[in-house]
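Down below is the structure, laid out as structure tokens.
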There are 2 protein chains.
Amino acid sequence: MDFLKKAYNLMPVLRESIARPVSGIPEGRIMRDGDSFMLDFGTHVVGYVTLAVNVEKPGGDTADSPLAVEFKFFENLCEDRSEVYTGGMSRSWFQVQTVFADNPYAPIELPRRYAFRYVRITFPANTSYAVSYRDCFVRAVTSADESNVAPLPQNTDPLLKKIDSIALLTLKNCMQTVFEDGPKRDRRLWLGDLYLQAKANYCTFKNNDLVLRCLCLFAGLPHADGCLSSAVFQEPVLRGQNWILHDYALFFVGTLADYYRATGRDDVVKELWPVAFRQTEIAYGAFENEGLKAPVNMYFVDWCPGLDKSCAALGILVSMLRDALYLAKIAGTKAQADTLAREIENVSGALAAAYDPSEKIFRTPEGQLSVHSQMWAVLAGVLQPSENASVMRETLRRKDLVRPVTPYAMHFLTEALIRSGLKDEAFDLIKDYWGAMAAKGFDCFPEVFVPENPDASPYGSVAMNSYCHAWSCTPTYFIRTFGI
Amino acid sequence: MDFLKKAYNLMPVLRESIARPVSGIPEGRIMRDGDSFMLDFGTHVVGYVTLAVNVEKPGGDTADSPLAVEFKFFENLCEDRSEVYTGGMSRSWFQVQTVFADNPYAPIELPRRYAFRYVRITFPANTSYAVSYRDCFVRAVTSADESNVAPLPQNTDPLLKKIDSIALLTLKNCMQTVFEDGPKRDRRLWLGDLYLQAKANYCTFKNNDLVLRCLCLFAGLPHADGCLSSAVFQEPVLRGQNWILHDYALFFVGTLADYYRATGRDDVVKELWPVAFRQTEIAYGAFENEGLKAPVNMYFVDWCPGLDKSCAALGILVSMLRDALYLAKIAGTKAQADTLAREIENVSGALAAAYDPSEKIFRTPEGQLSVHSQMWAVLAGVLQPSENASVMRETLRRKDLVRPVTPYAMHFLTEALIRSGLKDEAFDLIKDYWGAMAAKGFDCFPEVFVPENPDASPYGSVAMNSYCHAWSCTPTYFIRTFGI
């Protein structure tokens, strides 16, 4: 199977629309030599920007020098701190560009794609003539078709409606020629993010071919042992990332299972089954090699400093082995299904050993309590259903657990609450956590949000954070799948 | 006659060649986050630059952020002072560009044309991977055909050979889709510069169609009264400049006369004669309106502060009326020729009145002595030939004359010496003045050169000066036309 060829054939045509700023337009202002203005496009957009100015030359003579124009784009105004950035990521991610237009009368089209709501435009150098504002617009691009999105029921909670609309914009602006992680900076296709984006896609934009294209890209770019890359670069060259994360590789199984649930296409499952099964072999093999323990350094789980990932990793492994068993019944052999069933039993046993029935909580071998251990144990289904609700109630009640810092991990906490029958608590969490972002005026959901720490950043500066990030978009999935 | 259509049809195809740096290549150096290097292309070039780097990423993983590259181009290393420029010209003329390459593996092609010998390349922002030098080249462009240039005789003075080669490069790099003034900054077609470039062209590159194209551009873009613009913009829009300079407008006549002398094409003279004759009407009319004096504010002559231009202006007017009379005999009417003859007599009379036969020198009505008055009076031919040599000897001997500051004015001084029979003195001047530039290591002749003042600039900073400037290229004309 030539997966890359299949992926190429599924390349989406991007939908384009034109958006113009809603405020900050410097009407009639004559500008030169250091003058600047800040345009607000009213909401987050991803696309290609054009600026046009009027040349204001006394006496009507021709502008006789190039026009220097400095652009600085911001998803969030905190990115204006970029000048003092000293973190480890390349400063080249900051969205700035100075153009020297030989023809200042012609519209200036920037060749790169930007993700932003605000743009500051400065004329840093021109002394021999001035300019005034004529027009500025963005040719916004996405592979999402908004006409596929059903309206929410009239009686939907207004806050959930608001959260849903922000989640929709987040997903839409990450849907380009792949499901991108974040359109500003990390434009890669990540398997962990794809798993969540695909769930949100099925109940909104329904671009199922884009999910299939992404599955094929991963399947077409494996490591030598068949393990999938955690991420695929389209730019600068089509390539799988060197990193290996077992949880991300396993989410290929979960994404394929969800794809089948959404589309019923067993032809796709049959094509991709060998790739999916290989991920379980590798992850289970590592578990056995470690003496029936999770190889924790091979799992991402979350960005929490000091998090002991052992229980969460086992929970992820069991969950994905279960999805694999589900797929084996469509595309696998009897022997494969038997193997998976035995593996589920083995890993579940290892995880169950971490359960403290007196406190109704999972404790890692090192004794750590974390939200992550509980939610993944619940999603793995290693306890009786009646126990799950008790574990999740303890998780919400106790204050001594390591807590998630990313919307990504918060997704799995929400899912675990719903799986335990605690739907009201799940929706309270959505309203508390994603609602707090809405209350702060975010028009897309960001990569990192820690309510009690507005400066939280894995990069040493909030200026480098992504403010439209795929893994934060799942409230629309919960709202539209589980209603209220 | 549709002059602009004719000009379009004469658009030259640019000749391209590839040049690479001769020194400064950072062989094998691993660079990131502020590292830079300076390439020296060995000589002045005009064209389009491409840079290619190797991505140096530990472990062979893909570069995961855009590559920021800062380019600073210099014709002369003194342009490195551009950061502190506070003069009146727009800083946007400085040749700088920062590029954010989404694909650092691909060669980076800068879209704008640059004129330079040196380029400093800096990687200001990349912390997550390093790069090393792979290649850098310029696709140099010119409309000059070097195969048309005859070698100088073997026994030519070595210094004159050197000066000739610098002049050739200066002219070549200014020859683009028009005869440009200076390829770095002032890319306009100026009539005063065209007059000199065309003279140098006939005895070197022989692109006579380019001269005709430029004449047609001026003829096609007159002011409402038929007066020609002093300059034509090709960019940002094809347009005549608003300024009017009588000397520049009159040089249309001189350039057309030289074109006929070089090509013998009376069809061209017949087409352009009405335009040429109109310039004499306007300039002579202004002379009459001023009470038979030169309207000095309408003449450029030179950049000398405090220069009284009255004699020089009259000399220019007579010279160009003489060229008009020469053309009238090919394309004009008897009445026009008679008019021109009478005008020459009248203006010559006004100029002759400024002559002091006891001191053998022209003194302006305000009493100023300048080289400019003498050289233009000689070129106007208002004295007997035997007197011309005396005037020019006095000009060279006396120290109390206002002196030229531009190679442009130095051209006419050289021409006046030759016209007076002082060919040795003319070539001594070339060797002294242009030879001093050669001794200073200029690879093209600059816009401004005042041997005793290296900081001379009409713009408040030598960083803004042009270091490859058309009006400085005429030594090749003298060397090749008058030999030695």
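Read-outs: derived from the displayed coordinates by stated rules, not from any lab. A quick note: this is a predicted structure, and the numbers were derived from the prediction, not measured. Reconstructed Cβ throughout: ideal geometry from the backbone, glycine too, with neighbour counts over all protein chains shown.
Which Cys residues of chain A have no other Cys Cβ less than 4.7 Å away and so no disulfide-compatible partner by this rule?
Cys with no partner Cβ under 4.7 Å: A:78, A:136, A:174, A:203, A:214, A:216, A:227, A:304, A:311, A:473.
Using the alpha-carbon atoms, what tilt in degrees (0 to 90, nearest 10) does helix B:208-220 show relative to the longest principal axis of chain B?
Tilt relative to chain B: about 70 degrees.
Angle between the Cα long axis of helix B:246-263 and the longest principal axis of chain B, 0 to 90 degrees, nearest 10?
For B:246-263 against chain B, the angle is about 90 degrees.
Find the relative contact order for chain B and round it to a whole percent, using C-alpha pairs within less than 8 Å whose residues are 6+ positions apart.
On the way: 934 pairs, mean separation 86.2, N = 484.
Contact order relative to length: 18 percent.
Report the convex hull volume per residue for the protein assembly as shown, counting only C-alpha atoms, in Å³.
Details: hull volume 185.8 nm³, N = 968.
Value for the protein assembly as shown: 192 Å³ per residue.
Please report the spacing between the Cα centers of the range A:390-443 and the range B:282-301 in Å, no decimals.
87
Restricting to DSSP H runs of at least four residues, report the calculated mean residue ellipticity at 222 nm for the protein assembly as shown, -39500 (n - 2.57) per run over all residues, nearest 500 deg cm²/dmol. Could the numbers behind the result be given before it?
Details: 26 runs with 386 residues, N = 968.
Theoretical 222 nm ellipticity from helices: -13000 deg cm²/dmol.
Contact order normalised by length for the range B:15-142, with contacts defined as Cα pairs under 8 Å and 6 or more residues apart; what percent is it? Intermediate values should be presented prior to the final figure.
Working: 283 pairs, mean separation 65.1, N = 128.
Computed over the range B:15-142, the figure is 51 percent.
From the label point of residue A:436, set 7 Å along Cα to the beta carbon, how far off in nm is each other copy's matching point, shortest first?
7.5
What's the local net charge at residue B:181, with K and R +1, D and E -1, over the other residues with C-beta under 15 Å away? Intermediate results must be reported in sequence, preceding the final value.
Values: positive: B:113, B:172, B:184, B:185, B:187, B:188; negative: A:64, B:75, B:180, B:186, B:193, B:235, B:447.
Charge balance in the 15 Å sphere: -1.
Which chain B residue puts its Cβ closest to the axis that rotates B onto A, and at what distance in whole Å?
Closest Cβ on chain B to the axis mapping it onto A, in Å: B:98, 3.
Report the net charge of residues surrounding residue B:220, where surrounding means a beta-carbon distance below 13 angstrom and charges are Lys +1, Arg +1, Asp -1, Glu -1.
On the way: positive: B:5, B:6, B:213, B:239; negative: B:2, B:271.
Net of charged neighbours comes to +2.
Counting GluC sites (Glu not before Pro) as exposed when in a DSSP loop with at most 11 other beta carbons within 10 Å, what is the longest stretch of chain A free of them?
Working: sites that count: A:27, A:366, A:452.
With a cap of 11 other Cβ atoms within 10 Å, the longest stretch comes to A:28-365.
Relative to the longest principal axis of the C-alpha atoms of chain B, give the angle of the C-alpha long axis of helix B:334-352, reported between 0 and 90° and rounded to the nearest 10°.
Taking Cα atoms only, the helix is inclined about 90 degrees.
Distances from residue A:349 to the same residue in each other copy, label points 7 Å out along Cα→Cβ, in nm, shortest first?
12.6
Provide an ascending nm list, one decimal, of label-point separations from residue A:25 to the equivalent residue in each further copy; define each label point as 7 Å from Cα along Cα→Cβ.
5.3
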